[in-house]
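What follows is calculated from the coordinates using simple rules that are stated; it is not laboratory data. Computed from a predicted model, the values in this text were never measured in an experiment. Every residue, glycine as well, gets a Cβ built from its backbone with ideal geometry; the counts of neighbours run over all protein chains shown.
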Amino acid sequence: MKTQPTIVSDLLHLDAAAEIERITGWIRETVFHKLRRKGAVIGVSGGIDSAVVSCLCARALGNNRVLTLFMPEADSSSDSLRLGRMVTESLNVKSMLEDISPILTGARCYERRDASIRLVVPEYGDGYRCKIVLPGLLDGSRYAIFSIVVQSPDGQTKKVRLTPEAYLGIVAATNFKQRVRKMMEYHHADLLQYAVAGTPNLLEYDQGFFVKNGDGAADFKPIAHLYKSQVYQLAAYLGVPEEIRRRPPTTDTYTLEQSQEEFYFTLPYEQMDLCLYGKDHGISASDLAHACGMTEDLVERAYHMIESKRKVARYLHMQSITID
Amino acid sequence: MLQAIRRFVIDNYLFGEDAKFGNEDSFMETGIIDSTGILELVRFVESTYRIKVTDEEFIPDNLDSVTKLVSFIHAKQSTSVQTDRETPVQFAESSLQ
């Protein structure tokens, strides 16, 4: 009988060298021949996905045909820019800094968000910080209901369940961030006749963890078929700096540090990857639980959540619909 | 109550088309209500029936069909009446989230 680690690593292990060869060939074919563009623009966040996509594009197209964009805004962590620069300097690709805060201010992104927060936290104002959270999947069979965590200037925090209006208002306002970044990527793509690379991994792509016409938009998505764990495998092979590989996945959208787990997935990505794999490969909850050291109940809830998120993601994936 | 909740669900999530929707049908399994929809449904229930739903009560056993919701509201109202008689101020504060 296999040991747990062997089974787990077997499930998501890939031959990094062969996969990189396959992806870089696909990027060349897609960008040069299908899209007929001269290079690629990539928004670099300082995270693992955009780092890997930058490496792959530089390998595929040549470092002189890649433009990376840093697009911080008022709520961004300073780490994002520092780590983003680390990637592009190691690749010796062109990069540009576009501070998108003035555009977001002009669109009243922050003002709209704060007004929505005040629907449930009336005292919210200058100096406050916030993030949106979901209960973890370990919190029993509760519905995944969003709450907001706010921190006052004197460090007091409180958590409040969101009303539908507040939740939708906050999300609609913060979605400006992803959409403005994509607008900026296409601006530079237009200038250079480049294509825009998308950076979602399979977990994000499948489960709808993206903003429609924001980070969900791109001309090509070279890692959308890879589980997050596999992206890390490629990152190690490609020599992505260790600090980036060790950085916990973050949304970098709210003023309080927010993990992707608490905002969307409700499980660590390693477990989400395994559950997504198990569900898509017909592995029963009990078999996967046994193999991966999770409880059967947890895997069953994860399978159910995956299906629920897929239903929500259908709309996000839809293109404009026209009459036949 | 059952008809009012059924009407709310049909109007808001089935766009007025109620051909095959049963009062026992699971909102989750049929996929007609997502997590934002549950927030809307609970807000409707709280404002219409003057109850407060705690985070811990956001579970399918309470909210996942019209009939479950009706039973849950009846139970809450009956608890509320009892608690209200005993410690009305305490109940009002503790139910806020």
Fewest to most Cβ atoms within 10 Å: A:H304, A:H281, B:H74 sort as A:H281, B:H74, A:H304
Which FRET efficiency, nearest 0.05, do A:L119 and B:E56 yield, Cβ-Cβ r, R0 25 Å? 0.65
Where a ≥ b ≥ c are root eigenvalues of the Cα gyration tensor, a/c under 1.5 meaning rounded, otherwise prolate if a/b exceeds b/c and oblate otherwise, the range A:41-85 counts as prolate
Along each principal axis of its Cα atoms, how long is the protein assembly as shown end to end? Whole angstroms, biggest number first, please. 75, 57, 52
For the range A:90-229, what class follows from the C-alpha gyration tensor (a ≥ b ≥ c being the square roots of its eigenvalues): rounded when a/c is under 1.5, otherwise prolate if a/b is larger than b/c, else oblate? oblate
If exposed means GluC sites (Glu not before Pro) lying in a DSSP loop and surrounded by at most 14 other beta carbons within 10 Å, then the longest stretch of chain A lacking such sites spans residues A:124-256
For every other residue with a beta carbon closer than 10 angstrom to the beta carbon of A:L12, add +1 if it is Lys or Arg and -1 if Asp or Glu, then tell me the sum. -2
Can you put A:I321, A:I145 in order, fewest other beta carbons within 10 Å first? A:I321, A:I145
Counting other beta carbons within 10 Å of each residue's own, what order do A:L202, A:L162, A:L256, B:L2 fall into, fewest first? B:L2, A:L256, A:L202, A:L162
Once you have a ≥ b ≥ c as the square roots of the Cα gyration tensor eigenvalues for the range A:160-225, tell me rounded if a/c is under 1.5, and otherwise prolate or oblate according to whether a/b is larger than b/c. oblate
If amide H atoms are modeled at 1.01 Å from N in the peptide plane, then the residues at a separation of 5 or more from A:T68, or on another chain, having amide H under 5 Å from its own are A:I42, A:K94, A:S95, A:M96
Neighbour cut-off at most 12 other Cβ (10 Å), DSSP loop, GluC sites (Glu not before Pro), the range B:1-66: B:E17, B:E24
May I ask you to list the lysines whose Cα is less than 16 Å away from that of A:K159, ignoring any residue fewer than eight positions away on the same chain? A:K131
Run the numbers on chain A and let me know its relative contact order in percent, using alpha-carbon pairs under 8 Å that are six or more apart. 21
Based on DSSP H runs of at least 4 residues, each adding -39500 (n - 2.57), what is the mean residue ellipticity at 222 nm of chain A after dividing by all its residues, to the nearest 500 deg cm²/dmol? -15000 deg cm²/dmol
